[in-house]
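Remarks on the structure that follows.
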2 protein chains.
Amino acid sequence: MKLSTLSRKQEIYKTAARLFKEKGYSAVTMRDLAAEMGIKAASLYNHISSKQQILSEIILDIATQFTSGIDAITGQETNTLAKLKAVIAQHITLTADNPYGMAALNNDWMHLEGKLDHYLDLRNRYEKKFRDIILEGKESGELKDVNTEILVYSILTTLRNLYLWIPKKGELKKDELIEGLSIILLQGVES
Amino acid sequence: MKLSTLSRKQEIYKTAARLFKEKGYSAVTMRDLAAEMGIKAASLYNHISSKQQILSEIILDIATQFTSGIDAITGQETNTLAKLKAVIAQHITLTADNPYGMAALNNDWMHLEGKLDHYLDLRNRYEKKFRDIILEGKESGELKDVNTEILVYSILTTLRNLYLWIPKKGELKKDELIEGLSIILLQGVES
DNA sequence: GTCTATATTAAGATAGAC
DNA sequence: GTCTATCTTAATATAGAC
């Protein structure tokens, strides 16, 4: 793919993700998507094979990036707080790169058909690795003895929904956001 | 309405909310809804006037409850931490009462047609009142000087998504959840 | 209160011309 | 790579019988 131009296929994915964020997968028609790109719906099928394939591509692309990311973090020889901060940084980076894709990941995964099981598998493994980081922190004494499930839920929910908020706050620099979120999410639970 | 039986209309709202949570408003058809209730789609129209009306009813009912609730909390003569804990308790209570409606509120509000402006108005007022509680706490010194916008986002996101989590965790008692969440959300920001 | 039958509109997708 | 034309299916909703 050329550097500063997206292939037509990539353009379709990008436009679709934006529309999916606004109205959800089911409410976006192939005619909506085509109109947004200035072509007719039938022309889309020269580049993609189905609406379903567009959704799969968008969601599994991001899910795979999160999976690789958490594997790298888990493999680090660092303490729990460094790992948690790396998880926060990864969410901010991937969300800033692709906020519309993150929205589809969060809200439209249940409309995956053939790839649903694969997606659920990736998500469950991600959650387990994240929970394990928390559990290690509690065992080592780095984290206070708060309720694990509530803490896992609270942090992951905040991170997963950053797409609702990041694009509007262009004035906040990425490093400041990583610092600010780390303080708010972690300061209360550090020993 | 009789005490232990829902009117047919209420039954429709309740069933619809559950289906909306699973697949989203747009992906649920009147035939799906009717089948779930053991009748034909046409029969639904003896009780309700449109699919759109079902969505309005579900969302605005909850949004109104949140609005009354925050008005009561804002009117209390208590300190900031007590007010924040009351907000947390309200979210937990309303979500536990109606997790499916909360899902529709969060995910399907953009499909409101005639009532969209009214909904957005209620939501904006709620957010403003919540932000004002945080700002008062910072002025009075009860809260640390953390980034206001990040804190507002983080707490509200966690509370708004409780529906994803509360129904699965029946073993957690409500009071424990209020305590646990208050610790995790607030302990890091108290002075 | 529910049914069958149906009107109307719009969806995803394909064929074949240019 | 895009178009027009079209197939097939399914959506919301109404009319009128029981």
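The lysine pair count for segment A:51-186, using Cα distances under 29 Å and pairs eight or more places apart or on different chains, is 29. Based on the Kirkwood approach, the hydrodynamic radius assigned to segment A:56-153 is 14.4 Å, with every pair of different Cα atoms included. Using a Gaussian network model on chain B with a 10 Å cutoff between Cα atoms, which of B:G114, B:G38, B:G137 fluctuates the most? Among B:G114, B:G38, B:G137, the largest GNM mean-square fluctuation belongs to B:G38.
Sequence-distant contacts, meaning Cα pairs under 8 Å at least 6 residues apart, place the relative contact order of chain A at 25 percent.
Here is the list for segment A:136-187: GluC sites (Glu not before Pro) lying in DSSP coil, each with at most 14 other C-beta atoms within 10 angstrom of its C-beta, are A:E171.
For the residues B:V28, B:V146, B:V87, a GNM of chain B with alpha-carbon springs under 10 Å puts the largest fluctuation on B:V146.
Between copies, the label points of B:R125, set 7 Å from Cα on the Cα→Cβ line, lie 4.9 nm apart, reported in increasing order to one decimal in nanometres.
Between A:A42 and A:E176, residue separation times 0.36 nm minus the direct Cα-Cα distance comes to 43.7 nm. Of all beta-carbon atoms in chain A, the one sitting closest to the axis that brings chain A onto chain B gives A:G188, 1, with the distance in whole angstrom. Binning all Cα-Cα separations of the protein assembly as shown at 20 Å, short to long from zero, yields these whole-percent fractions: 25, 57, 18, 0. Distances between equivalent label points of A:A82 across the copies, with each point positioned 7 Å along Cα→Cβ, amount to 4.5 nm, shortest listed first. For B:L172, the distances from its label point to the matching points in the remaining copies are 2.3 nm, ordered from shortest, with each point set 7 Å beyond Cα toward Cβ. Here the Debye sum runs over all C-alpha atoms of chain A as equal scatterers in vacuum, and log10 of I(q)/I(0) at q = 0.09, 0.14, 0.15 Å⁻¹ comes out as -0.39, -0.84, -0.94.
Just so you know, all these numbers are worked out from the coordinates, no wet-lab data involved. Note that the coordinates shown come from a computational prediction; the quantities given were computed from them, not determined experimentally. When we count neighbours, we look across all protein chains shown, and the Cβ atoms used for this are built from the backbone with ideal geometry, even at glycine.
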